[in-house]
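Enquirer: Structure below; questions to follow.
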Amino acid sequence: MSEIRTFPDFVKRLVIVVGGLVILLVVLFGVLVNTVPVVSEFNDVLLASLSNPGVMLAYLDSLGVGLNSTIFRIVVFPGFTWAALIAAEVIWFERKFLAKMQLRVGPLYAGVIAGILQPIADMIKLLFKELTAPARADKLVFYSIPLLLNAIGAALLAVLPVSEAWIIMRSDVSMLVVFAVIGFAPITVLLAGWASNSKFPFIGALRGLHQMIAFEIPMLIAALSVVLLAGTLDLVNIVQAQSSIWFIVLMPMGAIVFFCCLLAELERIPFDLPEAESEIVMGYQTEYSSMAFGNLQLGVYIRFYAMAGIFTTLFLGGWHGPMILPAGFEIANQVEWFTLKTLLVMVFMIVLRGVNPRFRMDQLLRFGWARLLVLAFVNLFLAILILQMGWFP
Amino acid sequence: MPELAFTVLAVMAIATAILALESKEIVYGAISLAIMLMSIAGFFILLDAPFVAMFQIIVYVGAVAVIILFTVMLVRREKWLKAEVGGLQMVGILGGLAVAFAFGLLLLQSTLGSVVASGEAVSFFEIGVQMISEYWAALLVLALLLAASLIGALTLARIDKEE
């Protein structure tokens, strides 16, 4: 075979390899159909589902992995695959959009339209790179951090109400679950910096720790005012309480405080001190290579999606929105509004990244402790006032 | 199933507690402490009290364990290694076992075994109602304490500006 020089060459090679595998599998399938009863049953279902897709769904339901099963929800739709796809395309969008804002071109070659397959190409590249670690790194902790970061990002998806019907786990205290999961982030960042046994990661980790502890408290208090007005800790009920008016209209100050804290928790510009590229290379992610870095980035962006989703849930009315799909598609309409709002929040964060410089450490801490905390408390008193005066139905 | 979960959690809690004290690498000790505190949260979930469990995680893992790790990172390693316990360790272990044994005997002889759970978990709304009706004094003291610590934090944050 010829040498691979360009991305189209690479895609051709990929198609040849995958196509060969598919042909091999089909042949294998043909042999197994006549010998193993389970496979021949599956074959019957497959043939029947060509004319009527409902047969396939019923068969999957009987196996316990149908559309209504918890496994499907965790693995596919409101869960991991969905979030990972959004994360990958947000990475592409962020690069392209920032490039446009800064009069550059951005990703261009991978994929036919505007480099839309760049994240996929990057992922394949990362898969084939060498996995390295510093010689004196603590290997166990070092390699478990990317998975841990993925886990604490994906754990937030469990309580995220994408629509009335599509939620993985409904709980009376799902708001507290969110804050319990957010509380793990500083430990992960600190351990990543410590396990790398290298200067830049350690400085980045200490910065991340300072920042996350400082902004967790105003975030909690801003969310507390939402809980006060809605009278519940259940995120589904919080969304239902916003059917007539969104909380961002009632408490714009609380929404702003929560948004700033989100930016700081996600380490995005203007609060990206833990990974300030011009000062400390990439912060606590500096020493990671290959798919460990890929996992780390995936975890960061899944967390980005999940936190934007939580902002949507708390302040932007979650799945509520005018009916734009034809009647009968109520659930799809809810999912579409939730996704649209979440993506808008993410785009707004990316715009902020494009137009803002970075804070200094002392400015950041003063902003967190002396400004946002006070504003969060003022907002809490305003929420109590709204509740006492009966302005919120 | 709950018995199995209880056994796993209990073994995890005790093992990580021992590891937290005995580990040579102090950071591993801090991590095991965090895992121990999380298995305590697991006990609360087994007891049908997710509200308490989540607060256990938020306060102990999200705040206490982080502060401990933070302190560990900022202190030089040699200082920790110098602390020698020596022969007192055996005394401590025996003393701890004796106390645990005594508590076990006490619990076995108490009427705790005949208490029947009502089956309904106490909702956190009831906790809130109890807080403002029956235990209002404790709530007031807690609020004052929180306000004092908040004012203290704000003062500390403002000192930098005056310099």
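Enquirer: If A:V347 meets every condition in (1) more than 14 Å from every other protein chain (Cβ to nearest Cβ); (2) of a type outside the set (D, E, K, R); (3) farther than 24 Å from A:L160 by Cα; (4) touching a residue at least 24 places away in the same chain (Cβ under 8 Å) apart from one, which number is that one?
Expert: Against the list (1) more than 14 Å from every other protein chain (Cβ to nearest Cβ); (2) of a type outside the set (D, E, K, R); (3) farther than 24 Å from A:L160 by Cα; (4) touching a residue at least 24 places away in the same chain (Cβ under 8 Å), A:V347 comes up short only on (3).
Enquirer: Scan the range A:159-175 and give yes if some residue there is of a type in the set (G, A, S) and either free of Cβ contacts under 8 Å to residues at least 24 places away in the same chain or touching a Cys at 6+ places or on another chain (Cβ under 9 Å) (or both), otherwise no.
Expert: Within the range A:159-175, not a single residue is of a type in the set (G, A, S) and either free of Cβ contacts under 8 Å to residues at least 24 places away in the same chain or touching a Cys at 6+ places or on another chain (Cβ under 9 Å) (or both).
Enquirer: So, one more: Give the number of residues within the range B:64-75 that are within 7 Å of chain A (Cβ to nearest Cβ) and open to solvent by 20 Å² or more (accessible area, probe 1.4 Å).
Expert: So in the range B:64-75, the residues within 7 Å of chain A (Cβ to nearest Cβ) come out as B:65-66, B:69-70, B:73.
Going one step further and asking which of them are open to solvent by 20 Å² or more (accessible area, probe 1.4 Å), we end up with B:70, B:73.
Residues in the range B:64-75 being within 7 Å of chain A (Cβ to nearest Cβ) and open to solvent by 20 Å² or more (accessible area, probe 1.4 Å): 2 in total.
Enquirer: Kindly establish whether A:A185 is without any contact (Cβ under 8 Å) to a residue 24 or more places away in the chain, open to solvent by less than 40 Å² (accessible area, probe 1.4 Å) and within 12 Å of chain B (Cβ to nearest Cβ).
Expert: Numbers: without any contact (Cβ under 8 Å) to a residue 24 or more places away in the chain: no; open to solvent by less than 40 Å² (accessible area, probe 1.4 Å): yes; within 12 Å of chain B (Cβ to nearest Cβ): yes.
No, not satisfied.
Enquirer: Find the residue count for the range B:1-50, including only residues that are open to solvent by 60 Å² or more (accessible area, probe 1.4 Å), within 18 Å of the chain's Cα centre (by Cα) and of a type in the set (S, T, Y).
Expert: 1
To keep it simple, each residue is scored yes or no on (1) open to solvent by 30 Å² or more (accessible area, probe 1.4 Å); (2) free of Cβ contacts under 8 Å to residues at least 24 places away in the same chain.
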{"position": "A:I217", "(1), (2)": "yes, no"}
{"position": "A:I221", "(1), (2)": "no, no"}
{"position": "A:V226", "(1), (2)": "no, no"}
{"position": "A:L235", "(1), (2)": "no, no"}
{"position": "A:V249", "(1), (2)": "yes, yes"}
{"position": "A:G254", "(1), (2)": "no, no"}
{"position": "A:E265", "(1), (2)": "no, no"}
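Enquirer: Please note which helices (runs of 4 or more DSSP H) are completely contained in the range A:29-109 and include at least 1 residues that are in contact with a Leu (Cβ under 7 Å, 6 or more places away or on another chain).
Expert: In the range A:29-109, A:37-49, A:53-63, A:80-101 are the helices (runs of 4 or more DSSP H) which contain 1 or more residues that are in contact with a Leu (Cβ under 7 Å, 6 or more places away or on another chain).
Enquirer: Here are some residues: A:S62, A:S69, A:S49. Which one is over 25 Å from A:M169 (Cβ atoms) and modelled with pLDDT under 80?
Expert: Every option except A:S49 fails the conditions.
Enquirer: Give the residue, chosen from A:L47, A:L85, that is outside the structural domain of A:A308 (by TED's automatic domain parsing) and without any contact (Cβ under 8 Å) to a residue 60 or more places away in the chain.
Expert: Values: A:L85 fails: outside the structural domain of A:A308 (by TED's automatic domain parsing).
The match here is A:L47.
Enquirer: Take the conditions touching a residue at least 12 places away in the same chain (Cβ under 8 Å), under 23 Å from B:M54 (Cα atoms) and either assigned by TED's automatic domain parsing to the domain that holds A:Y288 or not aliphatic (A, V, I, L, M) (or both) and apply them to A:L206. Does it pass?
Expert: no
Rundown of residues vs (1) modelled with pLDDT of 85 or more; (2) of a type in the set (S, T, Y); (3) not assigned by TED's automatic domain parsing to the domain that holds A:R136, yes/no style:
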residue	(1), (2), (3)
A:V257	yes, no, no
A:A264	yes, no, no
A:G283	no, no, no
A:Y288	yes, yes, no
A:N295	yes, no, no
A:Y305	yes, yes, no
A:A308	yes, no, no
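The values are calculated or read from the model by the stated rules, or taken from the named source; none is laboratory data. In this text, all values refer to a predicted model and were calculated from it rather than measured experimentally. Glycine also receives a Cβ, built like all others from the backbone with ideal geometry; neighbour counts cover every protein chain displayed. The protein model used for the area step is the full one, side chains on, heavy atoms only, and it has no ligands, DNA or RNA in it. Shrake-Rupley method; radii C 1.70, N 1.55, O 1.52, S 1.80 Å.
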